Each structure stands twice: as structure tokens, then as C-alpha cells.
Amino acid sequence: MSTRLEAVEGDITLEHVDAVVNAANAHLAPGGGVCGAIFAAAGPGLREACEALGGAPTGEVRATAGFGLPARWILHAVGPVWHGGDQGEEELLASCYRRSVELAADLGARSLAFPAISTGIYGYPVEPAAEVAVAAVRSAVEDHPLDRVRFVCFDRRTLAAYRAALGQAPGARRR
Ligand code: ADP
């Protein structure tokens, strides 16, 4: 059975999927961007759960409950900071996507939503990041199939990058 991959414009905290991925920092602490939005929407229980985990290395993923989110689980993926591309950023970013799919499958999740990890405060250029994301997820679901993987893009440029990486026409945008 093949996994459906899709890109939409939206706010990941509102996604009704089994698991949402957070673009986390290595301390698994509340931050800005999508991380701040997820902590705010999930409520104080998330901060306690993350403190108990004690951090994670770049490229790795840790699971917590979803608390106040519609999603049952939050997968905290520590993306790489962009340093120009010669410090293993691509492999570390691919690892975030691959490990998230693996962890989702281990937990029994069938649907998963990703933000554009590392492309905000961490500075990874969005077009190559979208290519890495789509390639890593396509490869990971071969061994760990899910029903649906959704790339939730916060702006149109990010959506266009994902649509291109997925080989979809830009006009297919959801309104
Ligand atoms: P990082 O530190 O990994 O770069 P950011 O949160 O700064 O993480 O940015 C990652 C991406 O998440 C950016 O494209 C940003 O616009 C987007 N983003 C911010 N808030 C949300 C949200 N509520 N839902 C989905 N994506 C979001």
C-alpha cells in the first residue's frame, strides 16, 4: 500500500493527524516559530514532558503526547542550523524526516504532519530543504508505510517549494 504525500498551506497546530512533528531545538525547550506555536497550543504539560526527556542530538527525534493539540503525539525533531551546507546539514535534515517516519510507524500512527524543519530561524534555504524532505519521506515510507504524510507550509513560497519537490502543479494549491 502506498503512502499519500501532500503539501498544504496552514497552521500545523490545527492539524487533525495522529502525529505532528515539531521543529525542535536540542534542548526540546519552547522557542519561536512553529516550536513556540506548538508549545502555546499544547499547554503546560508539554514543557514538563520535554524537560523530562532532557534534550536530543541534531537529526534525532523524541516523542511526547499531544496534550492540547488535536494530534495524539508530537514528534520533536531537532533540525540542523544552516552553516552554508558543508557541515552535514543535508544528512541531518534528512535524518529528521526519516526518523520521524520511523517513530510514527513504531507508535502506530497512520497520519503524520511535518512543518518545513530548519527553514525559519535555522536558515536552511527552503527549496533544497523541500527536496530533502520529500526524498527522505519517500524513502522512509517504503519500509515504514503510513496512510498519509502532509507537509504543512506556513507561507506560499514554502508551499510552492514543496509542490515542486512533489512534482505537483503550483495551481493545485488549496484555498
Ligand atoms: P527552525 O528553527 O527549524 O528553522 P522555524 O519555526 O523558525 O523552525 O521555521 C520552520 C518553518 O515553520 C518556517 O517555514 C516557518 O514559517 C514555519 N512555521 C511557523 N509557524 C508555523 C505553524 N504554526 N505551522 C506551520 N509552520 C509554521
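The values are calculated or read from the model by the stated rules, or taken from the named source; none is laboratory data. What you are looking at is a predicted structure, and each value in this text was computed from that prediction instead of being measured. Backbone-built Cβ (ideal geometry, glycine too); neighbour counts: all protein chains shown. Keep in mind that these areas ignore ligands, DNA and RNA; they rest on the heavy atoms of the full protein, side chains included. Shrake-Rupley method; radii C 1.70, N 1.55, O 1.52, S 1.80 Å.
Given +1 at the Cβ of Lys and Arg, -1 at the Cβ of Asp and Glu and no other charges, the dipole of the chain around its Cα centre is 620 debye to the nearest 20.
Here the dipole of the range 79-133 is about 300 debye; that uses its Cα centre as origin and unit charges on the Cβ of Lys and Arg (positive) and Asp and Glu (negative). Considering the range 1-96 at the alpha-carbon level, its Rg and Dmax are found to be 13.7, 39 Å.
A Förster radius of 22 Å, combined with the Cβ-Cβ distance separating residue 29 from residue 65, puts the computed FRET efficiency at roughly 0.80.
If you find the alpha carbon centre of the range 118-151 and of the range 42-84, how far apart are they in angstrom? One Cα centre to the other: 17 Å. Using the average count of surrounding beta-carbon atoms within 10 Å as a protection proxy, the listed peptides 121-131, 41-51 rank, highest first, as 121-131, 41-51. The residues of the range 1-140 present an accessible area of 42 Å² per residue when probed at 1.4 Å with all protein chains retained.
The modelled label-to-label distance for the pair residue 127/residue 9, using points 7 Å beyond Cα in the direction of Cβ, is 2.0 nm.
Converting phi to 3J(HN,Hα) with the Karplus coefficients 6.51, -1.76 and 1.60 and the offset θ = phi - 60°, the range 74-87 yields 10, 9, 8, 9, 8, x, x, 7, 6, 10, x, x, 9, 10 Hz in sequence order, with x at every glycine or proline. Would the chain count as rounded, prolate or oblate if I go by the C-alpha gyration tensor, calling it rounded below 1.5 in a/c and otherwise prolate when a/b exceeds b/c, oblate otherwise? The shape class here is rounded.
Positive contributions from Lys and Arg (+1) and negative ones from Asp and Glu (-1), summed over other residues with Cβ under 15 Å from the Cβ of residue 84, come out at -4. Extension gain for the segment residue 102 to residue 87, taken as residue separation times 0.36 nm less the Cα-Cα distance, is 3.0 nm to one decimal. Between the residues 73, 31, 168, the greatest Cα displacement towards the positive end of the dipole of the range 18-175, with unit charges on the Cβ of Lys, Arg, Asp and Glu, is found for 168. Amide H contacts for residue 28 (H built 1.01 Å from N in the peptide plane; partners 5 or more residues away or on another chain; cut-off under 5 Å): 56. Overall, the range 110-164 carries a charge dipole of about 240 debye about its Cα centre when +1 sits on the Cβ of Lys and Arg and -1 on the Cβ of Asp and Glu, all other atoms neutral. Summarising the amide proton neighbourhood of residue 71: residues at separation of 5 or more, or on other chains, whose placed amide H is nearer than 5 Å comprise 17.
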